[in-house]
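This report concerns only the one structure given below.
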Amino acid sequence: MVPADAGGGLMRGDLLADPVEGIDEALAAVDTFDGALVAGLLRPGAAQAAAVAGLAEAVGGTPLAARVAEAAERAAAGAAGEEHFVALAAARSALLGSVHDALALRIDEAVGRPAPEEESSSAAVEGKSSPPLAGPEHGANLLAAARSWLCDLARSGWRGIDHELVAGAAPVVSAMLPDPELRRRATLLDGFAAELAASCPGATLERVPVRRWADLWSRALLLTVPGSAGERSDGSLTGRLLPLGVDVQEHATAVQAQVHAVFEPADGGAPRLVRAGVSAPKPDTIVGAGLWQLLRPRMSLLGAVSEGRSMELDAMPVTAEGDLVWDDERARAGEPADPFATARVRLSAATAARVAPLDRHPVRIAAPVLLEGYAAHSEEGRLAFDLAGQRLAVDTDRIPAAGPLTPEAVAASHACVGLLRWDAGEFLLQPLAVETTVRKKTVAVHAGAWAGGTTDKAGVRAEKAATDAVAVLRERAGRLLRK
């Protein structure tokens, strides 16, 4: 990953290229079950009965075995109830979780990183409390209504959806959204229902997004189970935060920036990997650098990222999964901190937080890594890095338009801080920042360089265009309110 004399170890590119035992079989069982959801389980045929039986067989020998076997038998007979669909969703999630764990372990081996912590030490996390005793779930009646709707979807199948069925989610979502404790689940249901509504009727669909809809269905269903949402905060952190880079995720109506960083406890404890995210709703006319205008007022950390500074945290709330619950009152700007220096000196020793059970999915893998000494080359229009004879594909599609980082800069680079991901059977690298040579000088280019504002000409033009668009929207909104 970094030269041995810099305090780190070398990236084992061969481990990333070698197949991981067992994941093909696990994914095959998931894919077959997902295929059964296309036609639905109201009147299952032989192929669908075999699919649910295969899912049960895949978790045989686990604590889920008996319950899933019963659920598979009832589903094959077309008599599955809510508890049976929940069991099938749990089996599916467990298989994907096992794939996640195997891939995450392979990444740790490849980069020489310590295994994820099972429990945060008292030296690193202050104020950690014991898990609360189980009790009645808040909004249990609304969760039951959501569960009923999701089970009706499984019975009808994606080919059987129509506007009447999909509309059944609307009153549930409307009742859940005002409640902060249910809003996360309501947002998931709302987005899922919107996708289904845009695809109705299902019988006329040319292509069904089988894996995506099955992912959304199973996650939403499991989140209706009492106690599944877990606790939000798991203590607090005091010490120095060293940003590595920003991952920007944009949707037509929303945007999120997630800062990946190394945290150094004030008492000198072991460093750990953490994240800090901020999101905002947006009109579809705000794109590119204009996104920062929506996010910047919500989190001071974006300014520190743009300026290349650390931040001093004082009792900043953090979840068990390593996500900071950001509060500007608990943070202040620190000394300059170069992300590449942080990556070279501290990244390989930083421990990742444990992953929540429902988040154990291959698509959620995003491990910060530092690569150096590679050769960039393009094959059939796709960029890849050569690491001592091993090829690592580069996902340039994830490079945001909201910053100066470009595929061309990545192709010309000699060092890269990025997120190691896994998709379609291979590991991919999402660049967050690169070092390249311009006029015999090493220059760093960061995806989040414009997060706190910029004097870069391209960034200034993009910000001005976004400002004009926001002004027009505000003027129109004011006109409508006056009417």
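The values are calculated or read from the model by the stated rules, or taken from the named source; none is laboratory data. Every value quoted in this text rests on a predicted model; they were computed, and no experiment measured them. Positions of Cβ are backbone-derived with ideal geometry, glycine not excepted, and every protein chain shown enters the neighbour counts.
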Q | Residues (in contact (Cβ under 8 Å) with a residue 60 or more places away in the chain, of a type in the set (Gly, Ala, Ser) and buried (at least 22 other Cβ atoms within 10 Å of the Cβ)) located in region 262-289 | A | 289
Q. In this structure, does residue 360 turn out to be out of contact with any strand residue (DSSP E or B) (no Cβ under 8 Å at 6 or more places or on another chain), of a type outside the set (Phe, Trp, Tyr), modelled with pLDDT of 90 or more and closer than 23 Å to residue 243 by Cβ?
A. no
Q: Within region 400-417, identify whether any single residue is in contact with a helix residue (DSSP H, G or I) (Cβ under 7 Å, 6 or more places away or on another chain), modelled with pLDDT under 90 and surrounded by fewer than 19 Cβ atoms within 10 Å (Cβ to Cβ), and answer yes or no.
A: yes
(Q) Can you go through 366, 352 and tell me which one is buried (at least 19 other Cβ atoms within 10 Å of the Cβ) and either modelled with pLDDT of 95 or more or within 19 Å of the chain's Cα centre (by Cα) (or both)? (A) 352
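Right, residue 100: closer than 24 Å to residue 365 by Cα and not basic (Lys, Arg) or not? Talk me through it step by step, then tell me what you get.
Working: closer than 24 Å to residue 365 by Cα: yes; not basic (Lys, Arg): yes.
Yes, satisfied.
Out of all the residues in region 145-192, which are of a type in the set (Ser, Thr, Tyr) and under 26 Å from the mean Cα position of the chain (by Cα)? Before you say what the answer is, go through the steps one by one.
Let us first name the residues in region 145-192 that are of a type in the set (Ser, Thr, Tyr), namely 148, 156, 174, 187.
Result: 174, 187.
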Q) So which of 211, 184, 155 is surrounded by fewer than 21 Cβ atoms within 10 Å (Cβ to Cβ), outside any loop (DSSP other than H, G, I, E, B) and modelled with pLDDT under 90? A) 184
Q | Candidate set: region 91-123, residues that are touching a strand residue (DSSP E or B) at 6+ places or on another chain (Cβ under 7 Å), under 16 Å from residue 349 (Cα atoms) and not in a helix (DSSP H, G or I); chosen: the one modelled with the highest pLDDT | A | 114
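So that you can scan it fast, the table gives a plain yes or no per residue for (1) exposed (fewer than 15 other Cβ atoms within 10 Å of the Cβ); (2) more than 20 Å from the chain's Cα centre (by Cα):
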site: 69; (1), (2): no, yes
site: 75; (1), (2): no, yes
site: 82; (1), (2): no, yes
site: 90; (1), (2): no, no
site: 96; (1), (2): no, no
site: 104; (1), (2): no, no
site: 109; (1), (2): yes, yes
site: 116; (1), (2): no, no
Q.
I'd like the full set of residues that are part of a loop (DSSP other than H, G, I, E, B) and in contact with a helix residue (DSSP H, G or I) (Cβ under 7 Å, 6 or more places away or on another chain), limited to region 356-374.
A. 360, 361, 365
Q. Do you know which of the residues in region 3-53 that are among the β-branched types (Val, Ile, Thr), surrounded by 18 or more Cβ atoms within 10 Å (Cβ to Cβ) and under 23 Å from residue 426 (Cβ atoms) is modelled with the lowest pLDDT?
A. 23
Q. Exactly one of (1) more than 26 Å from the chain's Cα centre (by Cα); (2) crowded, with 17+ Cβ neighbours inside 10 Å; (3) of a type outside the set (A, V, I, L, M); (4) modelled with pLDDT under 90 is unmet by residue 452. Its number?
A. (1)
(Q) So residue 225 passes all but one of these: (1) modelled with pLDDT under 95; (2) over 27 Å from residue 79 (Cβ atoms). Which condition number does it fail? (A) (2)
Q.
Quick check on my filter: what residues within region 344-386 are among the charged types (D, E, K, R) and touching an Asp or Glu at 6+ places or on another chain (Cβ under 9 Å)?
A. 344, 346, 354, 359, 360, 372
Q. Assuming residue 225 fulfils every condition listed in (1) crowded, with 20+ Cβ neighbours inside 10 Å; (2) part of a loop (DSSP other than H, G, I, E, B) apart from one, which condition is it?
A. (1)
Q. What is the one condition in (1) more than 22 Å from the chain's Cα centre (by Cα); (2) modelled with pLDDT of 90 or more; (3) within 19 Å of residue 330 (Cα to Cα) that residue 270 does not satisfy?
A. (3)
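If you take the residues in region 301-346 that are among the small types (Gly, Ala, Ser) and in a helix (DSSP H, G or I), which one is nearest to residue 240 (Cα to Cα)?
Here is the first cut: in region 301-346, the ones among the small types (Gly, Ala, Ser) are 303-304, 306, 308, 310, 315, 320, 322, 331, 333-334, 337, 341, 343.
Next, from what is left, pick out any that are in a helix (DSSP H, G or I): 303-304, 306, 341, 343.
Working: 303: 16, 304: 12, 306: 17, 341: 15, 343: 15 Å.
The extreme case among them is 304.
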